[in-house]
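Take a look at the structure below.
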2 protein chains.
Amino acid sequence: MPSPAGPPVEAGTLCCPPLTERPLSAQEAETAARVFKALGDPVRLRLFSAVASHPGGEACVCDISDVGVSQPTVSHHLKRLKEAGLLASERRGTWVYYRLEPGVLAEIGRLLASGGAA
Amino acid sequence: MPSPAGPPVEAGTLCCPPLTERPLSAQEAETAARVFKALGDPVRLRLFSAVASHPGGEACVCDISDVGVSQPTVSHHLKRLKEAGLLASERRGTWVYYRLEPGVLAEIGRLLASGGAA
DNA sequence: CGTCTATGTTGACGTCTGTCGAATCAATCT
DNA sequence: AGATTGATTCGACAGACGTCAACATAGACG
(Lines give C-alpha, C1' and ligand atoms only; values in the text may rest on other atoms or scores of the structure.)
Protein backbone atom coordinates (compact mmCIF):
# COMPACT_ATOMS: atom_id res chain seq x y z
CA MET A 1 0.00 0.00 0.00
CA PRO A 2 1.70 3.18 -1.17
CA SER A 3 -0.66 5.72 0.36
CA PRO A 4 -1.01 5.00 4.05
CA ALA A 5 -4.21 6.92 4.53
CA GLY A 6 -5.74 6.90 1.09
CA PRO A 7 -7.38 9.92 -0.47
CA PRO A 8 -9.09 12.31 1.90
CA VAL A 9 -12.77 11.75 2.48
CA GLU A 10 -14.79 14.49 0.88
CA ALA A 11 -17.55 16.13 2.83
CA GLY A 12 -20.99 14.83 2.01
CA THR A 13 -19.68 11.67 0.45
CA LEU A 14 -19.53 9.55 3.50
CA CYS A 15 -21.10 6.80 1.53
CA CYS A 16 -23.01 3.90 2.81
CA PRO A 17 -26.55 3.27 3.92
CA PRO A 18 -27.28 2.94 7.62
CA LEU A 19 -25.41 0.04 9.17
CA THR A 20 -28.72 -1.58 10.02
CA GLU A 21 -30.07 -1.54 6.48
CA ARG A 22 -27.87 -4.18 4.92
CA PRO A 23 -24.37 -5.56 5.36
CA LEU A 24 -21.78 -3.07 4.21
CA SER A 25 -19.66 -3.99 1.22
CA ALA A 26 -15.91 -4.20 1.57
CA GLN A 27 -15.42 -0.85 -0.09
CA GLU A 28 -18.14 0.88 1.88
CA ALA A 29 -16.71 -0.47 5.09
CA GLU A 30 -13.26 0.74 4.10
CA THR A 31 -14.55 4.26 3.62
CA ALA A 32 -16.73 4.43 6.70
CA ALA A 33 -14.13 2.82 8.93
CA ARG A 34 -11.73 5.63 8.14
CA VAL A 35 -14.04 8.07 9.89
CA PHE A 36 -14.58 5.91 12.96
CA LYS A 37 -10.88 5.21 13.14
CA ALA A 38 -10.19 8.92 13.20
CA LEU A 39 -12.50 9.24 16.20
CA GLY A 40 -11.07 6.13 17.82
CA ASP A 41 -8.28 7.88 19.67
CA PRO A 42 -8.85 9.69 22.98
CA VAL A 43 -6.70 12.66 22.07
CA ARG A 44 -8.36 13.08 18.69
CA LEU A 45 -11.78 12.75 20.24
CA ARG A 46 -10.96 15.49 22.72
CA LEU A 47 -9.63 17.73 19.98
CA PHE A 48 -12.69 17.08 17.85
CA SER A 49 -15.00 17.75 20.77
CA ALA A 50 -13.10 20.90 21.65
CA VAL A 51 -13.54 22.25 18.15
CA ALA A 52 -17.15 21.10 17.89
CA SER A 53 -18.13 22.73 21.15
CA HIS A 54 -16.16 25.92 20.70
CA PRO A 55 -18.20 29.12 20.54
CA GLY A 56 -18.30 30.41 17.00
CA GLY A 57 -17.84 26.97 15.55
CA GLU A 58 -14.10 27.25 15.25
CA ALA A 59 -11.04 27.20 17.44
CA CYS A 60 -7.39 27.99 16.96
CA VAL A 61 -4.86 25.34 17.83
CA CYS A 62 -3.67 27.36 20.78
CA ASP A 63 -7.14 27.13 22.32
CA ILE A 64 -7.45 23.38 22.19
CA SER A 65 -3.90 22.10 22.46
CA ASP A 66 -4.05 21.47 26.18
CA VAL A 67 -4.78 17.77 25.98
CA GLY A 68 -1.71 16.41 27.66
CA VAL A 69 0.49 15.72 24.66
CA SER A 70 3.17 17.73 22.91
CA GLN A 71 2.36 20.28 20.28
CA PRO A 72 3.70 18.18 17.39
CA THR A 73 1.42 15.39 18.51
CA VAL A 74 -1.56 17.72 18.58
CA SER A 75 -0.71 18.85 15.09
CA HIS A 76 -0.41 15.26 13.97
CA HIS A 77 -3.84 14.37 15.30
CA LEU A 78 -5.47 17.43 13.79
CA LYS A 79 -4.01 16.38 10.47
CA ARG A 80 -5.54 12.93 10.86
CA LEU A 81 -8.93 14.44 11.57
CA LYS A 82 -8.57 16.62 8.52
CA GLU A 83 -7.60 13.70 6.31
CA ALA A 84 -10.65 11.84 7.55
CA GLY A 85 -12.85 14.68 6.37
CA LEU A 86 -13.92 15.66 9.86
CA LEU A 87 -12.18 19.00 10.25
CA ALA A 88 -11.17 21.88 8.03
CA SER A 89 -8.42 24.37 8.77
CA GLU A 90 -7.69 27.89 7.77
CA ARG A 91 -4.78 30.13 8.62
CA ARG A 92 -5.63 33.69 9.60
CA GLY A 93 -2.58 35.67 10.48
CA THR A 94 -0.62 34.12 13.26
CA TRP A 95 -3.10 31.41 14.15
CA VAL A 96 -4.63 28.44 12.41
CA TYR A 97 -8.31 27.86 12.99
CA TYR A 98 -10.07 24.52 12.84
CA ARG A 99 -13.80 23.92 12.42
CA LEU A 100 -16.08 21.00 11.70
CA GLU A 101 -16.51 19.98 8.11
CA PRO A 102 -20.18 20.81 7.64
CA GLY A 103 -22.53 17.87 7.70
CA VAL A 104 -20.19 15.28 9.10
CA LEU A 105 -22.04 14.83 12.35
CA ALA A 106 -25.30 14.32 10.50
CA GLU A 107 -23.63 11.91 8.09
CA ILE A 108 -22.25 9.72 10.82
CA GLY A 109 -25.52 9.97 12.66
CA ARG A 110 -27.34 8.72 9.59
CA LEU A 111 -24.94 5.80 9.39
CA LEU A 112 -25.92 4.82 12.88
CA ALA A 113 -29.61 5.50 12.49
CA SER A 114 -31.55 2.58 13.82
CA GLY A 115 -34.49 3.41 11.63
CA GLY A 116 -36.26 5.60 14.13
CA ALA A 117 -36.30 8.99 12.46
CA ALA A 118 -38.51 10.30 9.66
CA MET B 1 -37.17 12.73 28.19
CA PRO B 2 -35.36 11.19 31.09
CA SER B 3 -37.50 9.07 33.34
CA PRO B 4 -38.52 11.04 36.42
CA ALA B 5 -37.84 8.23 38.82
CA GLY B 6 -34.85 7.30 36.77
CA PRO B 7 -33.57 3.76 36.87
CA PRO B 8 -30.00 3.21 38.07
CA VAL B 9 -27.26 3.97 35.62
CA GLU B 10 -26.61 0.95 33.49
CA ALA B 11 -23.11 -0.40 33.58
CA GLY B 12 -21.17 -0.63 30.36
CA THR B 13 -23.04 2.15 28.62
CA LEU B 14 -21.49 4.97 26.81
CA CYS B 15 -21.02 7.95 29.11
CA CYS B 16 -20.37 11.45 27.92
CA PRO B 17 -22.48 14.35 26.73
CA PRO B 18 -22.72 15.12 23.02
CA LEU B 19 -19.36 16.01 21.51
CA THR B 20 -20.70 19.44 20.64
CA GLU B 21 -21.81 20.32 24.14
CA ARG B 22 -18.45 20.82 25.78
CA PRO B 23 -14.91 19.47 25.41
CA LEU B 24 -14.69 15.90 26.58
CA SER B 25 -12.57 15.18 29.62
CA ALA B 26 -9.66 12.81 29.33
CA GLN B 27 -11.58 10.00 30.97
CA GLU B 28 -14.72 10.55 28.93
CA ALA B 29 -12.67 10.56 25.75
CA GLU B 30 -10.96 7.37 26.79
CA THR B 31 -14.29 5.64 27.22
CA ALA B 32 -15.96 6.96 24.09
CA ALA B 33 -12.90 6.39 21.92
CA ARG B 34 -13.03 2.70 22.74
CA VAL B 35 -16.33 2.43 20.93
CA PHE B 36 -15.23 4.36 17.87
CA LYS B 37 -12.01 2.40 17.76
CA ALA B 38 -13.98 -0.82 17.69
CA LEU B 39 -15.86 0.46 14.64
CA GLY B 40 -12.68 1.79 13.06
CA ASP B 41 -11.76 -1.40 11.27
CA PRO B 42 -13.36 -2.36 7.95
CA VAL B 43 -13.77 -6.00 8.87
CA ARG B 44 -15.34 -5.18 12.22
CA LEU B 45 -17.62 -2.64 10.61
CA ARG B 46 -18.81 -5.25 8.14
CA LEU B 47 -19.39 -7.77 10.90
CA PHE B 48 -21.25 -5.23 12.97
CA SER B 49 -23.35 -4.18 10.01
CA ALA B 50 -24.05 -7.79 9.13
CA VAL B 51 -25.35 -8.47 12.62
CA ALA B 52 -27.24 -5.18 12.83
CA SER B 53 -29.02 -5.77 9.53
CA HIS B 54 -29.72 -9.45 10.02
CA PRO B 55 -33.39 -10.43 10.13
CA GLY B 56 -34.40 -11.27 13.66
CA GLY B 57 -31.76 -9.03 15.13
CA GLU B 58 -29.19 -11.75 15.50
CA ALA B 59 -26.88 -13.81 13.36
CA CYS B 60 -24.72 -16.84 13.89
CA VAL B 61 -21.04 -16.60 13.05
CA CYS B 62 -21.52 -18.93 10.12
CA ASP B 63 -23.88 -16.41 8.53
CA ILE B 64 -21.56 -13.42 8.67
CA SER B 65 -18.07 -14.87 8.48
CA ASP B 66 -17.68 -14.30 4.76
CA VAL B 67 -15.72 -11.08 4.99
CA GLY B 68 -12.49 -12.13 3.34
CA VAL B 69 -10.42 -13.05 6.37
CA SER B 70 -9.76 -16.33 8.13
CA GLN B 71 -12.15 -17.75 10.70
CA PRO B 72 -9.84 -17.04 13.67
CA THR B 73 -9.63 -13.45 12.56
CA VAL B 74 -13.42 -13.20 12.43
CA SER B 75 -13.59 -14.62 15.93
CA HIS B 76 -10.99 -12.13 17.09
CA HIS B 77 -12.90 -9.17 15.70
CA LEU B 78 -16.20 -10.34 17.16
CA LYS B 79 -14.48 -10.50 20.50
CA ARG B 80 -13.28 -6.93 20.11
CA LEU B 81 -16.79 -5.77 19.31
CA LYS B 82 -18.06 -7.59 22.35
CA GLU B 83 -15.40 -6.10 24.60
CA ALA B 84 -16.37 -2.65 23.34
CA GLY B 85 -19.94 -3.27 24.45
CA LEU B 86 -21.33 -3.27 20.93
CA LEU B 87 -22.29 -6.91 20.56
CA ALA B 88 -23.54 -9.68 22.78
CA SER B 89 -23.18 -13.38 22.10
CA GLU B 90 -25.05 -16.46 23.12
CA ARG B 91 -24.40 -20.09 22.36
CA ARG B 92 -27.39 -22.15 21.37
CA GLY B 93 -26.47 -25.68 20.56
CA THR B 94 -23.90 -25.89 17.83
CA TRP B 95 -23.91 -22.25 16.84
CA VAL B 96 -23.06 -18.98 18.54
CA TYR B 97 -25.39 -16.09 17.87
CA TYR B 98 -24.43 -12.42 17.99
CA ARG B 99 -26.77 -9.49 18.35
CA LEU B 100 -26.51 -5.77 19.03
CA GLU B 101 -26.20 -4.70 22.61
CA PRO B 102 -29.48 -2.84 23.03
CA GLY B 103 -29.24 0.91 22.90
CA VAL B 104 -25.73 1.24 21.55
CA LEU B 105 -26.75 2.80 18.27
CA ALA B 106 -28.86 5.38 20.06
CA GLU B 107 -26.04 6.06 22.51
CA ILE B 108 -23.49 6.73 19.82
CA GLY B 109 -26.04 8.74 17.91
CA ARG B 110 -26.61 10.90 20.94
CA LEU B 111 -22.90 11.45 21.24
CA LEU B 112 -22.86 12.81 17.72
CA ALA B 113 -26.07 14.77 18.02
CA SER B 114 -25.48 18.22 16.65
CA GLY B 115 -28.26 19.61 18.76
CA GLY B 116 -30.95 19.48 16.10
CA ALA B 117 -33.40 16.71 16.85
CA ALA B 118 -33.90 16.97 20.59
C1' DC C 1 -16.88 -43.45 22.98
C1' DG C 2 -15.10 -41.42 18.93
C1' DT C 3 -15.50 -38.27 15.37
C1' DC C 4 -17.10 -34.46 12.95
C1' DT C 5 -18.45 -29.57 12.62
C1' DA C 6 -18.50 -24.94 14.60
C1' DT C 7 -16.00 -21.32 17.48
C1' DG C 8 -12.63 -19.66 20.37
C1' DT C 9 -7.66 -19.29 21.95
C1' DT C 10 -2.59 -19.11 21.48
C1' DG C 11 1.72 -17.75 19.53
C1' DA C 12 4.16 -15.47 16.10
C1' DC C 13 5.07 -11.96 12.63
C1' DG C 14 4.89 -7.74 9.93
C1' DT C 15 2.66 -3.33 9.75
C1' DC C 16 0.43 0.68 11.51
C1' DT C 17 0.11 4.20 15.15
C1' DG C 18 1.03 7.45 18.91
C1' DT C 19 4.58 9.85 20.85
C1' DC C 20 8.43 12.93 21.35
C1' DG C 21 12.68 16.05 20.25
C1' DA C 22 14.70 18.64 16.80
C1' DA C 23 14.36 21.10 12.74
C1' DT C 24 11.51 23.95 9.68
C1' DC C 25 7.96 27.11 8.00
C1' DA C 26 4.81 31.28 8.94
C1' DA C 27 3.67 35.67 10.62
C1' DT C 28 4.27 39.34 13.90
C1' DC C 29 7.00 42.71 16.62
C1' DT C 30 11.04 45.53 17.86
C1' DA D 1 17.00 42.26 9.62
C1' DG D 2 16.74 39.80 13.79
C1' DA D 3 14.07 37.97 17.46
C1' DT D 4 9.82 35.85 19.11
C1' DT D 5 5.73 33.09 19.15
C1' DG D 6 2.61 29.70 16.73
C1' DA D 7 2.24 25.58 14.00
C1' DT D 8 3.76 21.83 10.94
C1' DT D 9 7.15 18.42 9.31
C1' DC D 10 10.94 15.06 10.02
C1' DG D 11 13.22 11.10 12.10
C1' DA D 12 13.08 7.67 15.35
C1' DC D 13 11.22 4.33 18.56
C1' DA D 14 8.05 1.57 21.62
C1' DG D 15 3.74 -0.42 21.68
C1' DA D 16 -0.69 -1.76 19.68
C1' DC D 17 -3.08 -4.02 15.92
C1' DG D 18 -4.56 -7.26 12.16
C1' DT D 19 -3.57 -11.47 10.38
C1' DC D 20 -2.81 -16.32 10.00
C1' DA D 21 -1.63 -21.33 11.15
C1' DA D 22 -1.92 -24.50 14.73
C1' DC D 23 -4.14 -26.03 18.66
C1' DA D 24 -8.01 -26.27 22.00
C1' DT D 25 -12.91 -26.45 23.32
C1' DA D 26 -18.04 -27.28 22.81
C1' DG D 27 -21.78 -29.61 21.31
C1' DA D 28 -24.05 -33.08 17.91
C1' DC D 29 -24.49 -37.57 16.20
C1' DG D 30 -23.62 -42.15 15.18
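The values are calculated or read from the model by the stated rules, or taken from the named source; none is laboratory data. Only a predicted model underlies this, so the values are computations on that prediction, with no experimental measurement involved. For neighbour counting, all protein chains shown are included, and Cβ atoms are generated from backbone atoms with ideal geometry for every residue, glycine included. Heads up: the accessible areas ignore ligands, DNA and RNA and are worked out on the full protein's heavy atoms, side chains in. Shrake-Rupley method; radii C 1.70, N 1.55, O 1.52, S 1.80 Å.
Would you confirm whether any residue within the range B:107-116 is open to solvent by 20 Å² or more (accessible area, probe 1.4 Å) and touching a Lys or Arg at 6+ places or on another chain (Cβ under 9 Å)?
So the first thing to find is which residues in the range B:107-116 are open to solvent by 20 Å² or more (accessible area, probe 1.4 Å), and the list is B:107, B:109-110, B:113-116.
Pick out the ones that are also touching a Lys or Arg at 6+ places or on another chain (Cβ under 9 Å) and you get none.
Scanning the range B:107-116 turns up no residue that is open to solvent by 20 Å² or more (accessible area, probe 1.4 Å) and touching a Lys or Arg at 6+ places or on another chain (Cβ under 9 Å).
Search the range A:95-118 for residues being of a type in the set (Val, Ile, Thr) and within 16 Å of the chain's Cα centre (by Cα), and hand back the single one that is farthest from the other protein chains (Cβ to nearest Cβ). First the steps, then the outcome.
Taking the range A:95-118 first, the residues of a type in the set (Val, Ile, Thr) are A:96, A:104, A:108.
With within 16 Å of the chain's Cα centre (by Cα) added as a condition, the list becomes A:104, A:108.
Values: A:104: 9, A:108: 5 Å.
Applying the filter and picking the extreme gives A:104.
What are the residue pairs meeting all of these: first residue in the range B:45-59, first residue on the phi > 0 side of the Ramachandran plot, second residue among the hydroxyl-bearing types (Ser, Thr, Tyr) and open to solvent by 10 Å² or more (accessible area, probe 1.4 Å), Cβ atoms under 8 Å, and 6 or more apart or on different chains?
From residues that are on the phi > 0 side of the Ramachandran plot, there are no pairs.
Within the range A:78-86, identify whether any single residue is within 19 Å of residue B:23 (Cα to Cα), in contact with a Lys or Arg (Cβ under 8 Å, 6 or more places away or on another chain) and surrounded by fewer than 17 Cβ atoms within 10 Å (Cβ to Cβ), and answer yes or no.
There is no residue in the range A:78-86 that is within 19 Å of residue B:23 (Cα to Cα), in contact with a Lys or Arg (Cβ under 8 Å, 6 or more places away or on another chain) and surrounded by fewer than 17 Cβ atoms within 10 Å (Cβ to Cβ).
Does the range B:71-94 include one or more residues that are part of a helix (DSSP H, G or I), at the interface with another protein chain (Cβ under 8 Å from one of its Cβ atoms) and within 11 Å of DNA strand D (Cβ to nearest atom)?
To start, the set of residues in the range B:71-94 that are part of a helix (DSSP H, G or I) comprises B:71-83.
After this cut, where a residue has to be at the interface with another protein chain (Cβ under 8 Å from one of its Cβ atoms) as well, the list is none.
No, there is no match, as no residue in the range B:71-94 is part of a helix (DSSP H, G or I), at the interface with another protein chain (Cβ under 8 Å from one of its Cβ atoms) and within 11 Å of DNA strand D (Cβ to nearest atom).
For residue B:20, indicate whether it is more than 8 Å from every other protein chain (Cβ to nearest Cβ) and polar (S, T, N, Q). If you could, list the steps in order and put the result at the bottom.
Values: more than 8 Å from every other protein chain (Cβ to nearest Cβ): no; polar (S, T, N, Q): yes.
Answer is no for this residue.
Given the criterion within 12 Å of DNA strand C (Cβ to nearest atom) and open to solvent by 20 Å² or more (accessible area, probe 1.4 Å), identify the matching residue among B:57, B:68, B:103, B:93.
Working: B:57 fails: within 12 Å of DNA strand C (Cβ to nearest atom); B:68 fails: within 12 Å of DNA strand C (Cβ to nearest atom); B:103 fails: within 12 Å of DNA strand C (Cβ to nearest atom).
None of the other options fit; the residue is B:93.
Is there any pair with a first residue in the range B:16-27 that is over 21 Å from residue B:104 (Cα atoms) and a second that is outside any loop (DSSP other than H, G, I, E, B) and open to solvent by less than 40 Å² (accessible area, probe 1.4 Å) whose Cβ atoms are under 6 Å apart and which are 6 or more apart or on different chains, and what are they?
Listed by first residue and then by second, the contacts come to B:23/A:49; B:23/A:50.
Select, from A:113, A:29, A:11, A:118, the only residue that is at pLDDT 95 or above and more than 9 Å from DNA strand D (Cβ to nearest atom).
Testing whether each residue is at pLDDT 95 or above and more than 9 Å from DNA strand D (Cβ to nearest atom) leaves just A:29.
Of everything in the range A:26-54, what is at the interface with chain B (Cβ under 7 Å from one of its Cβ atoms) and not in a helix (DSSP H, G or I)? Give them in sequence order.
The initial filter retains those residues of the range A:26-54 that are at the interface with chain B (Cβ under 7 Å from one of its Cβ atoms), namely A:26, A:29-30, A:32-33, A:36-37, A:39-42, A:45-46, A:48-50, A:52-53.
A:40, A:41, A:53, listed by residue number.
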